[in-house]
Amino acid sequence: MSFAKGLTKLGAVEIVNKIKSGEVSAVEVVEAHICRVEEMNPQLNALVIPLFDQARAQAKELDEKQSSGEPLGPLHGVPVTIKEQYRVAGTQTTLGATNKIGNVYNDEGPLVKKLREAGAIILGKTNIIQTLAGFESYNRVYGRSNNPWNLDRTPGGSSGGEAAIIAAGGSVLGLAGDFGGSTRIPAHFCGLHGLKPTSGRLTNDDFATGLLGYGQEVFIPQPGPIARTVADLQLAMSVLAETSLNATHDLVPPVPWPDPSKISVEDLHIGFYTDNGYFPASPALRRAVKEAAEAMKNLGATVDSFTPPDAAEAVRIFLGAVSSGGGKDYERLLGNEKPIPQVAGMFQGLSTPPFIMSIVQKLMAARGQRYTAHMIQCMGQRSTEKYWELVEARTEYRAHFHSLLDEGGFDAILCPPFPLPGHYSWKQ
């Protein structure tokens, strides 16, 4: 039993090396992680679609492949999990909507296929928040996921199930997805590492089309890995971003994934900030950023403060663009089901007539709730012309941000991933 627990503390790089050296087998690694899931998941409710029989069969096949001397993939024998939104053969994708129960797909997307071809073993699919639009992971299909560090707190959303099961040692790494923080926030809440690659770096072909309005491309959702170590993120991206001869419908450019080990820290110019002027971060988050900046400085990097562009303008553009359709795609997804409390406010804001929302916005401002008032003011259905104006504003904002980076010669920015640590879950 202690040996099994030791395996569930290892990262992907370590597991691959141990299996290839013959120290452990893929079957042993998978069994250890299944035992860990069975031990922890009743408390976490993170892995909601188990695929244990398939995982055991695949592990056996991989061990036989190794015994016969066949080439082994870069993720050979690594147990992974997949966010519920992605297509995995023989499993349903609901996005937390009860009327989508039984919505089973028999095909898989390019990213899931790449993981399998690299030797990763899929243990199952993980929980999300209804509609993917929120900072928790709760829906009426699967229930609520809990944070392994404190069961009263949320693991974040919408990739909270991924973060919870990985932090608990039930999975080594996972395929998450990020639109407005859905990978970065759960990683932060659960003490992990998450990566949202540059928009368009990875294909969105794995996402089941027709469930949400992903024709909106002002802000492109982006799949990405989540893991306990940065080394595992690098290993995962070397697989996920591998160039392919098969073109995807969203035309991902065939650009090779770079080797970060070739980058010299001493040559980097790092910017940092602890307050974007809109959402003030808690003292703990500000301290963490300063400690990270000091650590980079001690490693030889040049570190200076950085002032980002107007965050309120970024919020205006983001919320305006994603709400321009009036939430019709969310209504179509849910059908007759009521939105859960965590996302009900968004639905109410999208469906309320503008003149009423203007009154609500003024009331919120008068009560001192300036963030809520501003966000209400930003949201709402709009004409094509007004939508195009937001697209133009997005392009100008992005260009301004790039110009600030270029003028200062910054290679990277350190900042709070979220204003707060993982908060208490909404009481159902």
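So for the range 176-198 (the condition being surrounded by fewer than 24 Cβ atoms within 10 Å (Cβ to Cβ) and more than 17 Å from the chain's Cα centre (by Cα)), does at least one residue qualify? The answer is no; no qualifying residue exists. With respect to being among the aromatic types (Phe, Trp, Tyr), buried (at least 24 other Cβ atoms within 10 Å of the Cβ), at pLDDT 95 or above and in the same structural domain as Thr93 (by TED's automatic domain parsing), Tyr138 fits the description.
Inspection of the range 245-254 identifies at least one residue that is of a type in the set (S, T, N, Q), modelled with pLDDT under 95 and part of a loop (DSSP other than H, G, I, E, B).
Condition first: at pLDDT 95 or above and under 19 Å from the mean Cα position of the chain (by Cα). Now tell me which residues in the range 121-133 satisfy that. Of everything in the range 121-133, those that are at pLDDT 95 or above and under 19 Å from the mean Cα position of the chain (by Cα) turn out to be Ile122, Leu123, Gly124, Lys125, Thr126, Asn127, Ile128, Ile129, Gln130, Thr131, Leu132. Of all the listed residues (Gln130, Gln85), the sole one being closer than 26 Å to Glu242 by Cβ and surrounded by 24 or more Cβ atoms within 10 Å (Cβ to Cβ) is Gln85.
Within the range 121-135, being in a loop (DSSP other than H, G, I, E, B), touching a residue at least 60 places away in the same chain (Cβ under 8 Å) and either in contact with a strand residue (DSSP E or B) (Cβ under 9 Å, 6 or more places away or on another chain) or not assigned by TED's automatic domain parsing to the domain that holds Gly90 (or both) holds for Asn127, Ile129. Applying the criterion of being among the acidic types (Asp, Glu) and under 15 Å from Gly124 (Cα atoms) to the residues of the range 9-47, the residue that is surrounded by the fewest Cβ atoms within 10 Å (Cβ to Cβ) is Glu38. Residues in the range 329-348 that are more than 25 Å from the chain's Cα centre (by Cα) and under 15 Å from Leu319 (Cα atoms): Gln348 alone. Would you call Ser159 buried (at least 23 other Cβ atoms within 10 Å of the Cβ), under 22 Å from Pro419 (Cβ atoms), touching a Pro at 6+ places or on another chain (Cβ under 7 Å) and in contact (Cβ under 8 Å) with a residue 40 or more places away in the chain? In short, yes. A count restricted to the range 220-233 and to residues that are in contact with a helix residue (DSSP H, G or I) (Cβ under 6 Å, 6 or more places away or on another chain) and surrounded by fewer than 21 Cβ atoms within 10 Å (Cβ to Cβ) stands at 1. Filtered by the rule that a residue be among the basic types (Lys, Arg) and either at pLDDT 95 or above or buried (at least 16 other Cβ atoms within 10 Å of the Cβ) (or both), the range 255-295 gives Arg286, Arg287, Lys290. Scanning the range 46-105 for residues that are assigned to a strand (DSSP E or B), more than 16 Å from Ser171 (Cβ to Cβ) and in contact (Cβ under 8 Å) with a residue 60 or more places away in the chain yields a single hit, Tyr105. Among the residues making up the range 323-337, those that are surrounded by fewer than 20 Cβ atoms within 10 Å (Cβ to Cβ) and not in a loop (DSSP other than H, G, I, E, B) are Lys328, Asp329, Glu331, Arg332.
Filtered by the rule that a residue be at pLDDT 90 or above, more than 18 Å from Pro258 (Cβ to Cβ) and polar (S, T, N, Q), the range 202-238 gives Thr203, Asn204, Thr229.
The values are calculated or read from the model by the stated rules, or taken from the named source; none is laboratory data. Keep in mind that this is a model prediction, so the values were computed, not measured. Glycine also receives a Cβ, built like all others from the backbone with ideal geometry; neighbour counts cover every protein chain displayed.
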